[in-house]
1. Name the residues in the stretch 169-192 that are closer than 16 Å to THR111 by Cα and open to solvent by 30 Å² or more (accessible area, probe 1.4 Å), would you?
2. For the stretch 167-202, which residues satisfy the criterion of being under 15 Å from THR134 (Cβ atoms) and part of a loop (DSSP other than H, G, I, E, B)?
3. All but one of (1) outside any helix (DSSP H, G or I); (2) modelled with pLDDT under 95; (3) of a type outside the set (Ser, Thr, Tyr) hold for LEU206, so report the exception by its number.
4. Which count do you get for residues in the stretch 35-45 that are surrounded by fewer than 20 Cβ atoms within 10 Å (Cβ to Cβ), in a loop (DSSP other than H, G, I, E, B) and at negative phi?
5. Test ILE361 against the stated conditions and say whether it is open to solvent by 20 Å² or more (accessible area, probe 1.4 Å) and of a type in the set (A, V, I, L, M, F, W, C).
6. Name every residue in the stretch 307-342 that is in contact with a helix residue (DSSP H, G or I) (Cβ under 6 Å, 6 or more places away or on another chain), crowded, with 24+ Cβ neighbours inside 10 Å and closer than 24 Å to GLU268 by Cβ, in order of residue number.
7. Right, ILE52: among the aliphatic types (A, V, I, L, M), surrounded by fewer than 17 Cβ atoms within 10 Å (Cβ to Cβ) and under 18 Å from GLN470 (Cα atoms) or not?
8. I'd like the full set of residues that are open to solvent by 60 Å² or more (accessible area, probe 1.4 Å) and without any contact (Cβ under 8 Å) to a residue 60 or more places away in the chain, limited to the stretch 459-478.
Amino acid sequence: MAFYYSEPSHTFGEYLLVPGYSSDQCIPTNVSLKTPLCRYKRGEEPRLSMNIPMMSAIMQAVSDDKLAVALAREGGISFLYGSQTAEDQAAMVRRVKSYKAGFVSSDANLTVDMTLAQVLEMKEKTGHSTMAVTEDGTANGKLLGVVTSRDYRVTRMSPNTPVKEFMTPFERLVYADENTTLGEANDLIWDNKLDMIPIIDKNQCLKYMVFRKDYTTKKENAMELTDSSKRYCVGAGINTRDYAERVPKLLDAGVDALCIDSSEGFSEWQRITLKYIHENFGNDVIVGAGNVVDKEGFRFLAEAGADFIKVGIGGGSICITRETKGIGRGQATSVIEVAQARDEYFKETGIYVPIVSDGGIVHDYHITLALAMGADSMMLGRYFSRFDESPSDKVKINGTFYKEYWGEGSNRARNWQRYDLGGAQKLSFEEGVDSYVPYAGPLKDNVAITLAKVRSTMCNCGALNIKELQEKAKLTLVSSVSIVEGGSHDVILRDKFTGR
């Protein structure tokens with residue numbers, strides 16, 4: 001007969017941390033969130049560690065090169081979505097690896113024949129008031145001019161006014177060539193009292209923009225995640241089908257880590273993929289695998305050579321695997337069991353294989369709970385999809401801004417490789433939804449708030465690093481009544497009366 005677990009599986013929202021003794025050293029500024037990304041032997045250092053325990057999910061609506069740069073600046077790593085051609089994905093990797101701090105690629109571009117109405121529409125969509133006018137309307141086309149909010153007056157101009165009539169033409173621009181350093185570019189900005197200067201190549205094609213605001217707000221970030229050449233670190237998702245074609249292109253582009261993207265990782269397909277990569281490209285290539293929810297799944301992937309293992313099935317906010325297939329497990333229970341298996345494996349073999357909690361994070365404090373339960377880091381989708389840097393569109397609905405967010409198992413993404421078990425190359429049924437999430441602003445600001453909460457809670461538990469948290473944490477299950485008690489209750493909030 002079937003095996004039955006004696007206890008129900010639980011989610012993060014069913015647990016609370018119980019405070020422990022805090023010494024006078026337990027202040028948030030003393031807390032280190034550094035965490036390993038790949039397997040390592042006892043007594044050795046991992047080949048790659050993150051400075052914060054946050055990865056962005058392998059999703060079309062989440063991880064592109066723009067978000068990868070923003071997250072690497074904060075100390076985490078993005079895994080660029082794999083549901084695109086190998087060539088396009090490798091090009092994204094190259095853009096991250098070649099990114100120069102302070103040099104911004106233009107993502108709001110116009111042509112001379114576009115209208116003021118289209119300018120305003122793009123401004124609302126992207127949030128940018130400075131836009132390049134290029135010959136073909138692309139970010140690297142021949143630069144013909146620039147439009148800023150100083151170039152037009154909405155109340156005195158027709159919405160049909162063409163861009164060419166009010167843009168600042170190239171002849172009147174102060175610009176610099178592609179060999180200009182950031183310091184030289186900033187000197188030009190200050191000397192000419194400008195807000196921005198474009199960087200162009202010898203053919204007048206736009207390469208980057210350098211903004212005054214970036215100079216005035218930029219501070220050296222000691223947390224940024226870089227490789228030995230001081231380039232931002234970036235990961236990429238792969239599948240168990242075209243890895244022989246995709247992996248060489250990604251490695252050639254300079255990718256720092258790979259991760260097999262699959263809804264269920266306890267499979268021979270993943271073992272074959274891991275073996276191929278390590279036999280053909282060496283054991284120094286970092287390859288993660290998953291997802292699994294129990295100790296057997298962890299042990300299988302660890303012995304197959306996975307450098308890190310993702311934990312979680314059906315817990316993502318846009319995932320409907322559980323309701324369509326009846327497969328999955330509560331995220332908290334999954335992390336607890338897999339963490340125990342990881343520790344047993346480390347004790348037996350002397351090899352530590354990090355685990356990544358993937359899914360189920362609804363509130364910021366769930367990150368701290370997952371770490372306390374044994375996770376080394378989180379892979380987050382919905383969390384990052386809300387930010388300016390995610391690749392999805394920002395839309396306005398009933399006066400409120402949202403970002404589009406869809407699952408890889410949705411009809412929109414049609415990422416059949418993530419769910420395929422060796423059958424036809426199509427998406428037989430959906431395991432994800434197409435949705436909206438409330439727009440939250442810049443990644444940097446939101447990550448700073450989230451990590452401030454994590455550090456503060458760790459101090460409440462008497463822990464100054466993640467390993468200490470896992471050793472000292474005391475967790476308690478809470479009842480449904482306790483959950484209600486944990487929020488505001490039995491009061492009437494002021495905004496019910498004031499509207500604020």
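1. PRO169, the sole residue that qualifies.
2. Result: MET167, LEU173, TYR175, ASP201.
3. Answer for LEU206: the failing condition is (2).
4. Residues in the stretch 35-45 being surrounded by fewer than 20 Cβ atoms within 10 Å (Cβ to Cβ), in a loop (DSSP other than H, G, I, E, B) and at negative phi: 3 in total.
5. yes
6. ILE309, VAL311, GLY312, GLY314, VAL338
7. No, not satisfied.
8. LYS467, GLU471
The values are calculated or read from the model by the stated rules, or taken from the named source; none is laboratory data. From a predicted model like this one, the values you see are computed outputs, not experimental measurements. Every residue, glycine among them, receives a Cβ derived from its backbone with ideal geometry; neighbour counts consider all protein chains shown. The protein model used for the area step is the full one, side chains on, heavy atoms only, and it has no ligands, DNA or RNA in it. Shrake-Rupley method; radii C 1.70, N 1.55, O 1.52, S 1.80 Å.
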